[in-house]
Each structure stands twice: as structure tokens, then as C-alpha cells.
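Remarks on the structure that follows.
The values are calculated or read from the model by the stated rules, or taken from the named source; none is laboratory data. In this text, all values refer to a predicted model and were calculated from it rather than measured experimentally. Please note: Cβ atoms are built from the backbone with ideal geometry, for glycine as well, and neighbour counts cover all protein chains shown. Note: areas computed on protein heavy atoms with side chains; ligands, DNA, RNA excluded. Shrake-Rupley method; radii C 1.70, N 1.55, O 1.52, S 1.80 Å.
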Amino acid sequence: MEFAIRAEGLVKTFGTTRALDGVDLVARTGTVLGVLGPNGAGKTTAVRILATLLRPDGGRAQVGGLDVVRDAGAVRAAIGLTGQYAAVDEMLTGTENLVMIGRLLGLPRPAAKARAAELLAGFSLTDAGGRAAGTYSGGMRRRLDLAASLVGRPGVLFLDEPTTGLDPHSRGELWDVVRGLVADGVTVLLTTQYLEEADQLADEIAVIDHGRVIAGGTPDQLKAQVGGQTLELRPARPAELPQVRAVLAAVSGREPELSPTGLLSVPARDDSVMPAVVARLTDAGLVAGELALRGSSLDEVFLTLTGHREPATDEPNDTMKVGV
Amino acid sequence: MATVTLRAQAPARRVGLLAGLEHTATLAWRNLVQIKHNPMELMDLSIQPVMFLLLFTYVFGGQMSGSTHAYLQFALAGIIVQNGLFATLNTAVGLNNDIQKGVFDRLRSLPIARSAPLAGRVAADLLKQVWSMALMLGLGLALGFRPGAGVLGVLGATLLMVVFALAMSWLSVLIGMLASSPEKVQMMAFVVMFPLTFSSSAFVSPATMPGWMQAWVKVNPVTALVDAMRALLNGGPLAASLTHSLLWAAALAAVFFPLALRAYQGRA
Ligand SMILES: Nc1ncnc2c1ncn2[C@@H]1O[C@H](COP(=O)(O)OP(=O)(O)O)[C@@H](O)[C@H]1O
Ligand SMILES: [Mg+2]
């Protein structure tokens, strides 16, 4: 099967809200599809439809070659789901949570216990396995939640904003887990509000906004489309601002933006911009006090793609700082 | 690595009855094992019934019936019913909690019988109901309560309470599916259940109440249930109140079972 996930024209309305307004998504088997979008874009709704929790009002979707509405039962046997909020039973221990899922999947009790122990070990939760999940930290809960979705060794895994609210360390750990799963042949659909996360993990990205896919492609294609990175420069000597500005304009072919704090910025479409700027500044005897390449924030992606700024999300946007 | 291949077997489109029962049992187990880790729940199930029984008996008893012993004999049925009716709302709180926390979605994304999360919860809550009732009966007996209708009466009372609680639990399921938070459910329990259970024959004889109140108490289904429970526990004429309470149970189930199921399936 070439495509593990295939959705065409998905529509879902809640009252007057058109949560999905004709969404197409495909994920090749064994790859990661990143669904990128701000709060309220329709990410969770799409995941819930694909995971058989919600019926679409229009369009159709197949997971593992099975229709999510007609063959819902068989789809459920093939997928794992980690929802936006860690869905662990706080009053059960980590072990009990996993044993419960194993038992529900038809494993005899000893096999369910063995699988639970194996997963706890894989997620560095062995020591906490006997404690009620309610006592876990946010990162531990997420790991347990992810472990719970893996008990049945699903071929297709849905991760709805798996790292929202996690500290950078826990986020990195989770990324490694996802990479490991993909190496084992699992197809992953991951939603995120972070461009960086999609960039790190996804083979293909679909950007959604207001229930529509507004851009798609590989991370590189997408970054090229939205201007990739931004070069930021602050002259060491404020008096040199006009000359520095002229250098930036000449190299990038764009008029730089000047922030109120005296920071100049231009889009940097490829890797040659930074060295070229440095060379020209040196030639002209100009000094940059601060020079950085910053990855486009989701904000900027949306500004480029839609022409309007998204309302601020509840999390600060990630930036990829490259100090020079 | 444990070698567990689940994907190999052809996924069944419909879950068989036996498997469905196993899923229900597993989820009932889940709801019972929670008690181990949650002292609050133990409190709900054990300490609260005991506390009410002791308070009613030793605070009100003397004034109400001239002796705490006489009042215990009268009020035990009512205390059990009040506790049992309050407990039916645990189903709503638990379900709502599962929905808000995402546990419900996780369960529904598994290839299990659609009814299992609901059936498992209701079954576990009925078992808890029996536990609380047994505790109150045991304590009542220790404090001098004498079951006038013998062991059969006690068993009958337990059965009736379970049947009525089961009928009520569909209302509870409906509330649990529709409420926006577990706290709201608890609030509602307080505001609806308190007046409903107090304005009945549970704690005092209706004959002492003003006429308008008597008129309400007479038609309050809690009165029918309490009278039947009292007859089963203490002895006395049973037929009318038993019929009456069973009819109420049937009516509650007839109205709320379909509504609850529709709300439940609406989410499925
Ligand atoms: N159950 C629901 N009832 C009403 N509106 C909903 C419901 N679920 C989602 N929505 C609305 O649909 C839109 C998309 O929501 P969602 O899929 O949760 O977005 P995201 O996951 O990208 O933040 C939002 O406007 C949201 O308010
Ligand atoms: Mg969401």
C-alpha cells in the first residue's frame, strides 16, 4: 500500500463553524506527515476523523487502505492515537494504564504485563511504573500516553500536538521516539503549531488554516516558498545604519525592515546570503554588533501564505537562532 | 522484546459478545482498581455512608424517635436510599472526567465493543453501590438494627436498591455526557439530590409535614423507594410501595436509557 493515510475533501462543521472545509491529506507508508497550523485551524478535528472518533460531514478518508467510516472497527485495530491532552487514567499506575490497554486489545494478562514492562522501559518510566499517573510530571505523562498508543504496535500513529507544553528537553526526547518509530516502519501523522517541529520530523508538511490546506510539500519546499529564514542585523555603530542598510538591500535585493529597536531584517532565501553580507560588510569596514539567521516563525509563514497575521497562539513561537 | 503480534489476525469488523464482555470486565476492573490509588474515592464509598449513618442516628435519633435505637430502626432504609441515590451521580462524574481528560477518546479509538466503556463504568459503579450498602447494613446491625423481614428481606432490599440505581444511572450517564465539567455535575448533585431525598419519607414520617409538602412527598419517587426498602428491611406491607418503586425504575429507564444511549453514540 503506497499511502497509509489518504483523505479527500474532508468537511466537518460544528454549528456555524466550518472546522474542516475540504481538507486533502496523504501520507506515504512509513513516513511522517506534519500537519502544521495555529490554534483552531482544524488539526484536532482532522485527527479525530482519521482516528474514527468523528464522522466527517463530507469527503472520505482511508487509513491503511480502510475507510474510516465504513471499516471503522478495522481502522481502530490498525492505529494508535495520542490526543492533544495526555489521556492517561490518573488514578491508575503507569503499569495499570498499559496493562488495561493490552487487556482491551485481547492480550492475556501475562502478555499484557510483559508488554507494559517493555514499553515502560522504552520510555524511561520503569521506576515510576508503580506510581499513580496523577503524580507524573507533564513530560512523563506524555510519554506514558504515547506508550499507551503503542501497546498494540500500530502501523499508523496519530500524534496531536505531542509536544505542546513540554520543555525543550522533553520535546527533544519525544522527537527521538518518533524517529525511532518511523525507523521501525510506522507511519506517523503529527500535528504541531511549531514550524521547527514539522521541519525536524516531517517528510511532508501540510499547512492548514481555517479548515483548509493552504500549502504543502517537503519542509525545504515549504521554507523556500515562505522565504525560509530571516537575517537580522544590528549595526555596532548606530551612525552606520544607512550604509549597513544599503549592503543588506544590495545582497538580498529587498528593502530591509527596521524595527523600533534598531534591528534590520531581510528574508534570506538561501545559505549564501549570510556569507555575502559578512564579506560586503568587511570590505566596507562596517561592523555588525549583532548578526543572526532566524528560522521563519509560524507567524511569518502565515503572513507569507495568507497575507494576514494569525492571532497569537498560546505558546511563544519557536525561532531557530543561529548565532554568528 | 515480547513477541506479540496483534496485527497478524484479521481485524474483526464487529466485536463478538464474549470479547465485548471481556472488554466490559476490564474496564470495570479499571474503575475498581482506581480506588486503591484514590483515598477520596474510598472516602466517598466508605467514610461518607458511615458518617451519615452515625450522625443521623446519634444527633437526630433521640429527638426524632425518643431513642437513637428506635430512630436507627426507622431511618436506616432512608439513609441507605439517600446514599445510594447520591452515589448514582458518581457515574456522571466519572464519565465526564473521562471525556474531559481524553481517556474516553483513547478508549473509543481502540478496537473494542462500543458499549464497553459505558457498561464497564456502570457495572463498577453498581458494585461500589453494593459495597456501600453492605457497609451501612453491617454497621446498622452492629448498632442494634434488627431486620424484621430477615435475610431474604435484606437481600431483596439490596436487589431493589441496585435495580433502582441502575435505572437512575442512565440519567447519570446522560448528565455525564452533556455536562461541561465534573464540578458542574457535583454541583447539580447537590442542588437536585438534596431536596429530592430530604423531601421524602426517608428521615421523618410525612404525617408531621405541612399539607402541601405531604402532597409532594407522596408523589416523590424517593418515597416509594424508601417505603419499599423499609418494608423489605423492617417488615410490613410491601406490595404497593414495591410496585410503585419498580414502576418508577422502569419509567426512569424507559426515558433516560434511550436518551443516554443517543448522547453516548453521538460521541461515537
Ligand atoms: N466539538 C466542537 N464543537 C464546536 N466547535 C468545535 C468543536 N471542535 C472543534 N471546534 C471548532 O472547530 C475549529 C477547529 O478546531 P480544532 O480542530 O480543535 O483546531 P486545532 O486542533 O487546529 O486547534 C475551531 O474553531 C473550534 O472552535
Ligand atoms: Mg487541537
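Quick notes on this structure:
- Residue in region B:98-108 that is farthest from the other protein chains (Cβ to nearest Cβ), counting only those that are open to solvent by less than 10 Å² (accessible area, probe 1.4 Å) and of a type in the set (A, V, I, L, M): B:LEU107
- The residue of region A:220-261 that is surrounded by the fewest Cβ atoms within 10 Å (Cβ to Cβ), among those that are under 23 Å from A:LEU195 (Cα atoms) and of a type in the set (Asp, Glu), is A:ASP220.
- Any hit, region B:201-208, residues being open to solvent by 50 Å² or more (accessible area, probe 1.4 Å) and among the β-branched types (Val, Ile, Thr): yes
- Within region A:102-122, the set of residues being aliphatic (A, V, I, L, M) and not in a helix (DSSP H, G or I) comprises A:LEU105, A:LEU107.
- Leading residue by the ranking (farthest from A:ILE79 (Cα to Cα)) among those in region A:1-10 that are more than 16 Å from ligand 1 (Cβ to nearest atom) and modelled with pLDDT of 95 or more: A:GLY9
- Residue check for B:GLY66: at pLDDT below 90 and over 24 Å from B:ALA119 (Cβ atoms): yes
- Residue check, B:LEU95 away from every other protein chain (no Cβ under 11 Å), at pLDDT 90 or above and under 30 Å from A:PRO162 (Cβ atoms): yes
- Here A:ARG6 meets the list (1) away from chain B (no Cβ under 14 Å); (2) within 16 Å of ligand 2 (Cβ to nearest atom); (3) closer than 21 Å to B:SER109 by Cβ; (4) more than 18 Å from the chain's Cα centre (by Cα) almost entirely, failing just condition (2).
- Index of the failed condition, A:LEU92 passing every other in (1) within 16 Å of ligand 2 (Cβ to nearest atom); (2) on the phi < 0 side of the Ramachandran plot: (1)
- Residue in region A:111-122 that is more than 8 Å from chain B (Cβ to nearest Cβ) and among the acidic types (Asp, Glu) present: no
- Check on A:ALA61, crowded, with 23+ Cβ neighbours inside 10 Å, modelled with pLDDT of 95 or more and within 16 Å of ligand 1 (Cβ to nearest atom): yes
- Put simply, of A:THR31, A:THR45, A:THR13, A:THR17 the only residue that is modelled with pLDDT under 95 and of a type in the set (Val, Ile, Thr) is A:THR17.
- Search result, residues across region A:165-186 that are surrounded by 20 or more Cβ atoms within 10 Å (Cβ to Cβ) and within 13 Å of chain B (Cβ to nearest Cβ): A:VAL186
- Any chance A:GLU118 is more than 16 Å from ligand 2 (Cβ to nearest atom) and touching an Asp or Glu at 6+ places or on another chain (Cβ under 6 Å): no
- Selection count, region A:200-214, where residues are open to solvent by less than 40 Å² (accessible area, probe 1.4 Å) and on the phi < 0 side of the Ramachandran plot: 7
Residue-by-condition table, conditions (1) surrounded by fewer than 20 Cβ atoms within 10 Å (Cβ to Cβ); (2) on the phi > 0 side of the Ramachandran plot; (3) within 16 Å of ligand 1 (Cβ to nearest atom):
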| site | (1), (2), (3) |
| --- | --- |
| A:GLY83 | no, no, yes |
| A:ALA87 | no, no, yes |
| A:ARG103 | no, no, no |
| A:ALA111 | yes, no, no |
| A:ALA117 | yes, no, no |
| A:ALA121 | yes, no, no |
| A:LEU125 | no, no, no |
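- Residues that are within 14 Å of chain B (Cβ to nearest Cβ), within 10 Å of ligand 1 (Cβ to nearest atom) and more than 18 Å from the chain's Cα centre (by Cα) were ranked within region A:16-54; the one that is most open to solvent (accessible area, probe 1.4 Å) is A:LEU54.
- Cross-chain or 6+ apart pairs with Cβ under 9 Å, region A:241-260 first and farther than 11 Å from A:VAL273 by Cβ, then open to solvent by less than 80 Å² (accessible area, probe 1.4 Å) and among the acidic types (Asp, Glu): A:SER259/A:GLU232
- Residue check for A:LEU54: assigned to a loop (DSSP other than H, G, I, E, B) and either farther than 24 Å from B:GLN100 by Cβ or without any contact (Cβ under 8 Å) to a residue 60 or more places away in the chain (or both): yes
- Residue check, A:LEU231 touching a residue at least 60 places away in the same chain (Cβ under 8 Å), more than 30 Å from A:LEU157 (Cα to Cα), out of contact with any Asp or Glu (no Cβ under 7 Å at 6 or more places or on another chain) and assigned to a strand (DSSP E or B): yes
This table checks each residue for (1) under 24 Å from A:ILE49 (Cα atoms); (2) assigned by TED's automatic domain parsing to the domain that holds A:VAL26.
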site: A:PRO154; (1), (2): yes, yes
site: A:LEU157; (1), (2): yes, yes
site: A:GLN193; (1), (2): yes, yes
site: A:PRO219; (1), (2): no, yes
site: A:ALA236; (1), (2): no, no
site: A:PRO242; (1), (2): no, no
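- Matching option when the condition is without any contact (Cβ under 8 Å) to a residue 60 or more places away in the chain, part of a helix (DSSP H, G or I), away from ligand 2 (no atom under 16 Å from the Cβ) and touching a Lys or Arg at 6+ places or on another chain (Cβ under 7 Å), among A:VAL75, A:VAL99: A:VAL99
- Taking region B:109-132 as the range and being more than 14 Å from chain A (Cβ to nearest Cβ) and without any contact (Cβ under 8 Å) to a residue 60 or more places away in the chain as the test, the residues that pass are B:VAL122, B:LEU126, B:GLN129, B:VAL130.
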